[in-house]
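The values are calculated or read from the model by the stated rules, or taken from the named source; none is laboratory data. Model, not experiment: these values are computed from the prediction. Cβ placement follows ideal geometry from the backbone for every residue including glycine, while neighbour counts extend to all protein chains displayed. Side chains are part of the model used for accessible areas, which takes the heavy atoms of the whole protein and leaves out ligands, DNA and RNA. Shrake-Rupley method; radii C 1.70, N 1.55, O 1.52, S 1.80 Å.
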Amino acid sequence: MSGLIHLYLIDEAVFPKTLTGSSQQKYQQLIDITLSNGIRWQTVELNMRGFIPAISMWDKVAGNSQLIEACSFHYFPNHLIAPDAEINGSFGFFPSEMITDLSDVMEENLDFDINSYDGKQLVKYVEQNEGDLDPDAYEIVRNAYYRTFRDAKEQDKSIVILMEEL
């Protein structure tokens, strides 16, 4: 089953400091705020079997901080929902203060060759932990994330990642 991974640019100030309701209700409010106020910047069409190893690889290449991977799925503005909350869906968020550092590291590592010796070692590690890495999926994810982070940095925006099953 294929899915769409949408990367939005958004002004972090549009998110409230508090929300009421269940975690699922808060999640829906965050989606509504994003759809009303965000700009869909990039969309990637991949199934999760392709996306997860690709985003894991990009995270390893771009600093190995585990932030890219973790924040793409369950990180919320202003900590409005606990990361381990039971919600039906995922919501990724990168605050603007995180964007600058990650964007710079992404730019430094954009041309990393996954076919080099070091690259093959990283691919082996990712495949042992996340499943087979499709080099085309990696390239698509790397480019979409790099462009979105670069542009968010230039515009002083935050990023929201929404995933949609087809």
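Taking a ≥ b ≥ c as the square roots of the eigenvalues of the Cα gyration tensor of the stretch 101-157, is the shape rounded (a/c under 1.5), prolate (a/b larger than b/c) or oblate?
Working: a/c = 2.60, a/b = 2.06, b/c = 1.26.
The shape class here is prolate.
With all pairs of different alpha carbon atoms counted, what Kirkwood hydrodynamic radius in Å does the chain show?
Numbers: mean 1/r = 0.0619 Å⁻¹.
Its Kirkwood hydrodynamic radius stands at 16.1 Å.
How much length is gained on full extension from ASN64 to HIS79, taking 0.36 nm per residue of separation minus their Cα-Cα distance?
On the way: separation 15, 0.36 × 15 = 5.40 nm, distance 2.31 nm.
Taking 0.36 nm per residue and subtracting the Cα distance, the gain is 3.1 nm.
Taking R0 as 30 Å, what FRET efficiency do you get between ARG150 and GLN25 from their Cβ-Cβ distance, rounded to the nearest 0.05?
Numbers: r = 34 Å, r/R0 = 1.14.
Efficiency at R0 = 30 Å is approximately 0.30.
Between GLU86 and ASN109, residue separation times 0.36 nm minus the direct Cα-Cα distance comes to 4.8 nm.
Heavy atoms of the protein chains alone define the surface here; on that basis the chain has 52 Å² accessible area per residue at 1.4 Å probe size. What you get for the chain, charging only the Cβ of Lys and Arg (+1) and of Asp and Glu (-1), is a dipole of about 360 debye around the Cα centre. A Gaussian network model of the chain, with springs between Cα atoms under 10 Å, assigns the largest mean-square fluctuation among PRO77, PRO135, PRO16 to PRO16. With θ taken as phi - 60° and the Karplus curve 6.51 cos²θ - 1.76 cosθ + 1.60 applied, the whole-hertz 3J(HN,Hα) list for the stretch 70-83 is 5, 6, 6, 10, 9, 9, 10, x, 6, 6, 5, 9, 5, x Hz, x standing for glycine and proline. Near the amide H of PHE112, within less than 5 Å, lie no amide hydrogens of residues on another chain or at least 5 residues away, with H placed in the peptide plane.
Share of the chain's accessible area from carbon and sulfur, percent, 1.4 Å? If you can, show how the numbers build up before the last one.
Numbers: 3850 of 8580 Å².
Carbon and sulfur atoms account for 45 percent of the accessible area of the chain.
Summarising the label geometry, the points placed 7 Å from Cα in the beta-carbon direction at LYS124 and ASP136 lie 2.7 nm from one another.
Across ASN129, ASN64, ASN143, mean-square fluctuation computed from a Gaussian network of the chain (C-alpha pairs under 10 Å connected) peaks at ASN129. Here LYS26 is the anchor, and the lysines within straight C-alpha reach of less than 25 Å, apart from those fewer than 8 places off in the same chain, are LYS17, LYS157. As I understand it, the dipole of the stretch 77-155 uses +1 on the Cβ of Lys and Arg and -1 on the Cβ of Asp and Glu, about the Cα centre. Which of LEU102, PRO77, VAL141 lies farthest toward its positive end? Looking along the dipole axis, the top candidate is PRO77.
Measuring nothing but how far apart in sequence close Cα pairs (under 8 Å, 6+ apart) lie, relative to its length, the chain scores a relative contact order of 39 percent. Once you sort the root eigenvalues of the Cα gyration tensor of the stretch 50-96 as a ≥ b ≥ c, which label holds: rounded (a/c under 1.5), prolate (a/b larger than b/c) or oblate (the other case)? Oblate is the answer for the stretch 50-96, as a/c is 1.5 or above yet b/c matches or exceeds a/b. Only helices enter this figure: runs of n ≥ 4 DSSP H residues, each worth -39500 (n - 2.57), summed and divided by the residues of the chain, yield -16000 deg cm²/dmol at 222 nm to the nearest 500.
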